[in-house]
1. Whole Å is fine, so just give me how far the alpha carbon centre of the range 31-108 lies from that of the range 9-27.
2. Run the dipole for the chain about the Cα centre, Lys and Arg Cβ at +1, Asp and Glu Cβ at -1, nothing else charged, and hand back the magnitude in debye, nearest 20.
3. In nm, to one decimal, how far is the Phe28 label point from the Lys65 one, both placed 7 Å along Cα→Cβ?
4. Run the simple label-point estimate for Asn38 and Val78 please: 7 Å along Cα→C-beta, distance reported in nm.
Amino acid sequence: MNDNIVNFWENIAILSVGIVTSMIGFWFTIGKNIVSKNDICEMIETKGPYMKDRQFIMERLSVNKETQAALSVTLQKVIEVMSELKVQIATLGKTLEALEERIDRQNP
């Protein structure tokens, strides 16, 4: 009966060593090359087929921002010129009224 118990434990030990050896072999041949979730996310962000599209979109957005800024500056200048013109038109209106009054006084 002791021989059976010894053989049982020998078999367990051999089986355990075989399992550990198999796991180590699996790790060295397959496991270390398994791609992680972080690796996949990085590949999608940096090497995906849509990166060129994303880069193009970002460049267009940058150009649009610059264009919008230039248009904003131009619009501000137009508003300033319009304000000056409004003042000049008001001044001309007053001048015309003064001239009309003067003409009316000279020609009764």
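1. The range 31-108 and the range 9-27 have Cα centres spaced 72 Å from each other.
2. 260 debye
3. Between Phe28 and Lys65, the label points sit 5.3 nm apart.
4. Going from the Asn38 label point to the Val78 one covers 5.3 nm.
No lab work stands behind these numbers, since they all come straight from the coordinates. All values reported here derive from a predicted model rather than from experimental measurement. Methodologically, a virtual Cβ is constructed for each residue, glycine included, from the backbone with ideal geometry; neighbour enumeration extends over all protein chains shown.
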